[in-house]
1. Protein chains only, probe 1.4 Å: how do M14, M19 rank by accessible area, largest first?
2. Using +1 at the Cβ of each Lys and Arg and -1 at the Cβ of each Asp and Glu in the chain, identify which of L23, F51, A73 lies farthest towards the dipole's positive end.
3. At 0.36 nm per residue, minus the direct Cα-Cα distance, what do A70 and A35 gain on full extension? Give it in nm, one decimal, please.
4. Pick the calculated semi-axes √(5λ) of the Cα gyration tensor in Å for this structure from (i) 35, 18, 14; (ii) 22, 17, 11; (iii) 36, 15, 8?
5. What percentage of the solvent-accessible surface of the chain, computed with a 1.4 Å probe over protein heavy atoms, is contributed by carbon and sulfur atoms?
6. In Å², and per residue, what accessible area does the chain have when probed at 1.4 Å with the other protein chains present?
Amino acid sequence: MGEAARGTRDTIGMTAEEMHAYLEALLQAEAAEAAEARGTTVAEELESAGFAAARAASSYAIKLLDANNAYIARYLLDRGVLAGSDE
């Protein structure tokens, strides 16, 4: 059973993996809309330069967000706002 299902998390915000999964869901939805409007398939849209660029740019943003989440967590831990685990 995953952490979210148990109601406990070791992270503030989404993990990088969760952000990537969310990004893929967003891209799928946008590609479906574009495919319907253009008369193409979702796969064709996802393989297009525009969607490839969006995926690449978003991957860099996810890395920045992940690093920022870690920075915020460390900041809060160092100030005693969050209790650290004993692990």
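1. These residues rank, largest area first, as M14, M19.
2. Selected residue: A73.
3. Gain on stretching A70 to A35: 8.9 nm.
4. Evaluating semi-axes √(5λ) of the Cα gyration tensor in Å on these atoms matches (iii).
5. So the carbon and sulfur contribution to the accessible surface is 58 percent.
6. 74 Å²
The values are calculated or read from the model by the stated rules, or taken from the named source; none is laboratory data. What you see is a predicted model; the values in this text were computed from it and never measured. As a convention, Cβ positions derive from the backbone with ideal geometry for all residues, glycine included, and neighbour counts pool all protein chains shown. Each accessible area value is taken on the protein alone, full model and side chains, heavy atoms only, with ligands, DNA and RNA left out. Shrake-Rupley method; radii C 1.70, N 1.55, O 1.52, S 1.80 Å.
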